[in-house]
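Data block below; observations after.
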Amino acid sequence: MNLTIAKLRSVGHPMKHSKGVKRAAAWLPLAAMVFAAAAGCNKETRHAPDVWAVVNGKEIKREEVDKYYRTRVNPEGQEPSPEESLSQKLNVLDELINNEILLEKAKKLNLEASDGEVEDKFTELKSPYTEDEFQRRLKDQAMTVEDLKLELRRQLSIQKLLNREVVAKIAITDQDVTDFYTANKAQFNVAEPQYHIAQILVTPRKEQQLRNRKNDDATNEAEAQRKVKMLMDRLNSGADFAQLAMDYSEDVNTAGTGGDLGYVPESALNQSDPALKKVVVGLKAGQVSQPIQVQTKDGARILILKLITRESPGLRGIAEPQVQQTIRDTLRNRKEQLLRLAYLAVARDGARVTNYLAEQVIESAGKLPDAAKTTVPQRSIGH
């Protein structure tokens, strides 16, 4: 799991990249956000210039917005324009406003995360890294351990609130599943054989962004061969493939999910190393391969593959467990997103919100160069 506030922030926010800025989708459209202050109370108290919003009397300051903004800027990308920077800060501020509203509701319902829950999540986030790497990543994002734990408490509390007030109210009926299947039959027609594959990757070189739970990395050919032999011995002794992948695989993209590569169509295998395709096609469901050495543009790689299941071409019936699960997951995600948006809209209607930054943007016709400037720390060497 990436150690970023952006990951922990508002739930369900897809990201897009534009000129070096990671734009997180806000809960509400930008136009609605800019004029949200009109729905709040009139300004009765003068606030310091660094107060950018007030939510039910709680101040949100520029420093906090800048801190989250820094997590969304790519230091190596093109510097955003003042308008882009300020637009992103408005988005960040709106998310902070939303989270403050939800956190307040969580506290009122006694759903605030406990110290134990925060520590458990903190340990989970920290576990893939060495202490030095963990501290370096905190420094890269201008964070402290206290900052991270505070953010974890906020997000765990909000998640508990949404689980109770939104997720628990979602029900998917058999008729819902039938209706979806009838309307989307083409989606369940498999055009070619597909192979659900998992992998454990070992490379004879140091990996800069290791993500396995043991922080285990073979750095030369001898270490790689010893590691592969150890893995095969444990697999032959009945060890769980997914657990070994999470502990030892050097693939940054799949170690966290037990090496799962998902479904690979046969046409994709045809474009891979012929020896690799031969191994996959020859495996039976549940079987693990012998180590396979392949050459890539990045150098040699040793793979241990597991064929989880093989899908033949043809229309999948509605009674198949995988079809049922896919439909239910899709419908649940759709309903959850809709209910979350509606729940936040109602919660925001009942809150007293003043967005001073939005007001300043309007009053100055978008010309706030000072507010648009935030120093972004340089990445640590080797990050």
Can you spot a residue in segment 198-215 that is assigned to a strand (DSSP E or B) and open to solvent by 10 Å² or more (accessible area, probe 1.4 Å)?
yes
Mind checking which pairs have a first residue in segment 181-209 that is within 27 Å of I318 (Cβ to Cβ) and a second that is assigned to a strand (DSSP E or B) and among the polar types (S, T, N, Q), Cβ under 7 Å, 6 or more apart or different chains?
H196/T309
Looking only at segment 282-297, count every residue that is without any contact (Cβ under 8 Å) to a residue 40 or more places away in the chain and either open to solvent by 50 Å² or more (accessible area, probe 1.4 Å) or touching a His at 6+ places or on another chain (Cβ under 8 Å) (or both) and tell me the total.
8
Just give me the residues in segment 153-180 being of a type in the set (D, E) and either open to solvent by less than 50 Å² (accessible area, probe 1.4 Å) or closer than 14 Å to N110 by Cβ (or both), in sequence order.
E165, D176
Taking the criterion of being touching a helix residue (DSSP H, G or I) at 6+ places or on another chain (Cβ under 6 Å), in contact (Cβ under 8 Å) with a residue 40 or more places away in the chain and not in a helix (DSSP H, G or I), would at least one residue in segment 86-103 satisfy it?
no
Would you point out which residue out of D251, D273, D260 is within 26 Å of V177 (Cβ to Cβ) and either of a type outside the set (S, T, Y) or in contact (Cβ under 8 Å) with a residue 24 or more places away in the chain (or both)?
D260
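Each row is one residue, and each column tells you yes or no for (1) within 21 Å of R211 (Cα to Cα); (2) of a type in the set (S, T, N, Q); (3) outside any helix (DSSP H, G or I).
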position	(1), (2), (3)
A239	yes, no, yes
L244	yes, no, no
L276	no, no, no
V279	no, no, no
I304	yes, no, yes
L307	no, no, yes
Can you pull out the residues in segment 159-180 that are over 26 Å from A113 (Cα atoms), among the charged types (D, E, K, R) and touching a helix residue (DSSP H, G or I) at 6+ places or on another chain (Cβ under 8 Å)?
D176
Can you report the number of residues in segment 64-108 which are open to solvent by less than 10 Å² (accessible area, probe 1.4 Å) and touching a His at 6+ places or on another chain (Cβ under 8 Å)?
1
Under the condition of being touching a residue at least 24 places away in the same chain (Cβ under 8 Å) and either in contact with a strand residue (DSSP E or B) (Cβ under 8 Å, 6 or more places away or on another chain) or in a helix (DSSP H, G or I) (or both), which residue from segment 311-325 is most open to solvent (accessible area, probe 1.4 Å)?
L315
All conditions in (1) out of contact with any helix residue (DSSP H, G or I) (no Cβ under 8 Å at 6 or more places or on another chain); (2) under 19 Å from A300 (Cα atoms); (3) of a type outside the set (S, T, Y); (4) crowded, with 17+ Cβ neighbours inside 10 Å are true of N253 except (4)
Among the residues of segment 132-146, is any open to solvent by less than 40 Å² (accessible area, probe 1.4 Å), touching a residue at least 60 places away in the same chain (Cβ under 8 Å), basic (K, R) and part of a helix (DSSP H, G or I)?
yes
State yes or no: is A37 within 14 Å of D94 (Cα to Cα), aliphatic (A, V, I, L, M), loosely packed, with under 13 Cβ neighbours inside 10 Å and at pLDDT below 80?
no
Within segment 343-353, can one find any residue that is in contact with a strand residue (DSSP E or B) (Cβ under 6 Å, 6 or more places away or on another chain), without any contact (Cβ under 8 Å) to a residue 60 or more places away in the chain and either under 30 Å from N236 (Cβ atoms) or open to solvent by 50 Å² or more (accessible area, probe 1.4 Å) (or both)?
no
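The values are calculated or read from the model by the stated rules, or taken from the named source; none is laboratory data. Just so it is clear, the structure is predicted and the values come from calculations on it, not from any experiment. Reconstructed Cβ throughout: ideal geometry from the backbone, glycine too, with neighbour counts over all protein chains shown. Note: accessible area is taken over every heavy atom of the protein model, side chains too, but ligands, DNA and RNA are not part of it. Shrake-Rupley method; radii C 1.70, N 1.55, O 1.52, S 1.80 Å.
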